[in-house]
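Enquirer: Below are the C-alpha cells for one structure; questions will follow.
The values are calculated or read from the model by the stated rules, or taken from the named source; none is laboratory data. Being a predicted model, the structure only gives us computed values, none of them experimental. Please note: Cβ atoms are built from the backbone with ideal geometry, for glycine as well, and neighbour counts cover all protein chains shown. Remember, those area values only see protein heavy atoms, side chains included, never the ligands or the DNA or RNA. Shrake-Rupley method; radii C 1.70, N 1.55, O 1.52, S 1.80 Å.
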Amino acid sequence: MRAVTNLTVHGIGESVRELDPGEDGTWVSVAQFERVMDAVAGRPDVRITFDDGNASDVEIALPRLVERGLRAEFFVLAGLLGEPGRLDSTGVRELLRAGMRVGSHGWAHRDWRTLDAGQAVEELSAAHHLLGQLTGEPVSRVAIPFGSYDRRVLSRLRRAGVTRAYTSDGGRARPDAWLQPRNSLRPDLDSGRLTRLLAGGPALPRRAAKLAKRLYKRVR
C-alpha cells in the first residue's frame with residue numbers, strides 16, 4: 001500500500017486577527033500556498049488539511065483549491081467560530097458546498113494532554129456535536145492541537161468514537177492508518193524543501209528519529 005504525505009496549512013497571507021505567540025511560524029504567503037497547490041495537483045499520494053479555522057481558509061484557500069480541482073479537509077475550532085479572523089458557520093457551509101470535508105480541531109485550541117474533565121467534554125464532545133449540527137452529519141475525524149498527545153489522549157479519542165486522528169509528527173503515513181502524521185507548511189518553505197517533502201520527507205536517519213518520537217508519544 002503506497003504511503004501518503006499529509007500537508008497542514010494553518011494561515012495564508014496577512015492575518016486580520018492578532019496571532020498567538022509563535023503562531024506566525026505556521027503562516028505562509030499566498031504565493032507559497034499557490035506554489036504548493038500547483039505542485040500537488042493531480043497527486044493522489046498527497047492529502048491537504050487545514051487547522052485552526054482561519055478566515056483565509058475560505059477567502060484565500062478555497063477558490064485556489066477549486067481552480068485546481070483539489071479537495072481538502074478543514075479542522076475547525078468549534079468554540080471560536082465567528083470570532084474576528086476566524087471562520088463562521090456560513091464559511092463552514094461554503095466549504096461543504098465546494099466538496100470539502102470538515103473535521104474537529106477541538107473547542108478552544110487547548111493542549112489535550114492538560115485537559116480537566118470539563119474541558120475534555122468541550123473539546124471531544126461539544127465540539128463534535130456543534131460541528132455535526134453545522135455539517136448535517138457526524139463529525140468523527142480530528143486534528144490534535146499542537147500535535148500534543150500521549151496514550152491517555154489517544155485512549156480518550158478512541159472512547160469518543162474518533163475514526164481518524166491527525167498529528168503534527170511529520171513524515172509519511174499509511175493511507176488507512178488511524179493515527180496520521182502530517183507536515184506543516186511554514187514561512188521558510190522554498191522550492192527545494194517542497195521537493196524534498198513531496199519526495200518522501202527527510203533522509204533515513206531523520207525518519208528513524210521521527211518514528212521513534214511517535215512511538216514514545218503513544219506510550220508515555
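Enquirer: Does the stretch 63-70 include one or more residues that are closer than 25 Å to residue 35 by Cβ and open to solvent by less than 10 Å² (accessible area, probe 1.4 Å)? Steps first, please.
Expert: The initial filter retains those residues of the stretch 63-70 that are closer than 25 Å to residue 35 by Cβ, namely 63-70.
Checking which are open to solvent by less than 10 Å² (accessible area, probe 1.4 Å) leaves us with 65.
Yes, the stretch 63-70 has at least one match.
Enquirer: While we're looking at this one, here's another question. Kindly indicate whether residue 82 is among the small types (Gly, Ala, Ser), surrounded by fewer than 17 Cβ atoms within 10 Å (Cβ to Cβ) and closer than 19 Å to residue 8 by Cα. Lay out the reasoning, then the answer.
Expert: Working: among the small types (Gly, Ala, Ser): yes; surrounded by fewer than 17 Cβ atoms within 10 Å (Cβ to Cβ): yes; closer than 19 Å to residue 8 by Cα: no.
Considered against the rule, which asks whether it is among the small types (Gly, Ala, Ser), surrounded by fewer than 17 Cβ atoms within 10 Å (Cβ to Cβ) and closer than 19 Å to residue 8 by Cα, residue 82 comes out as no.
Enquirer: Would you confirm, using the coordinates I've provided, whether residue 93 is without any contact (Cβ under 8 Å) to a residue 60 or more places away in the chain, in a helix (DSSP H, G or I), more than 17 Å from residue 79 (Cα to Cα) and open to solvent by 50 Å² or more (accessible area, probe 1.4 Å)? Explain how you work it out, then say what you get.
Expert: Details: without any contact (Cβ under 8 Å) to a residue 60 or more places away in the chain: yes; in a helix (DSSP H, G or I): yes; more than 17 Å from residue 79 (Cα to Cα): no; open to solvent by 50 Å² or more (accessible area, probe 1.4 Å): yes.
Spelling it out, it is not the case that residue 93 is without any contact (Cβ under 8 Å) to a residue 60 or more places away in the chain, in a helix (DSSP H, G or I), more than 17 Å from residue 79 (Cα to Cα) and open to solvent by 50 Å² or more (accessible area, probe 1.4 Å).
Enquirer: Kindly evaluate residue 169 against the criterion of being among the charged types (D, E, K, R), open to solvent by less than 30 Å² (accessible area, probe 1.4 Å) and modelled with pLDDT of 95 or more.
Expert: Working: among the charged types (D, E, K, R): yes; open to solvent by less than 30 Å² (accessible area, probe 1.4 Å): yes; modelled with pLDDT of 95 or more: yes.
So residue 169 passes the test.
Enquirer: For residue 156, are the conditions met, namely being open to solvent by 10 Å² or more (accessible area, probe 1.4 Å), closer than 13 Å to residue 8 by Cα and either in a loop (DSSP other than H, G, I, E, B) or not acidic (Asp, Glu) (or both)? Show your work before the answer.
Expert: Working: open to solvent by 10 Å² or more (accessible area, probe 1.4 Å): yes; closer than 13 Å to residue 8 by Cα: no; either in a loop (DSSP other than H, G, I, E, B) or not acidic (Asp, Glu) (or both): yes.
Considered against the rule, which asks whether it is open to solvent by 10 Å² or more (accessible area, probe 1.4 Å), closer than 13 Å to residue 8 by Cα and either in a loop (DSSP other than H, G, I, E, B) or not acidic (Asp, Glu) (or both), residue 156 comes out as no.
Enquirer: Of all residues in the stretch 97-118, which are crowded, with 17+ Cβ neighbours inside 10 Å and assigned to a helix (DSSP H, G or I)? Walk me through how you get there before you give the answer.
Expert: So in the stretch 97-118, the residues crowded, with 17+ Cβ neighbours inside 10 Å come out as 100, 102-107, 109-110, 112, 115.
Answer for the stretch 97-118, where residues must be crowded, with 17+ Cβ neighbours inside 10 Å and assigned to a helix (DSSP H, G or I): just 112.
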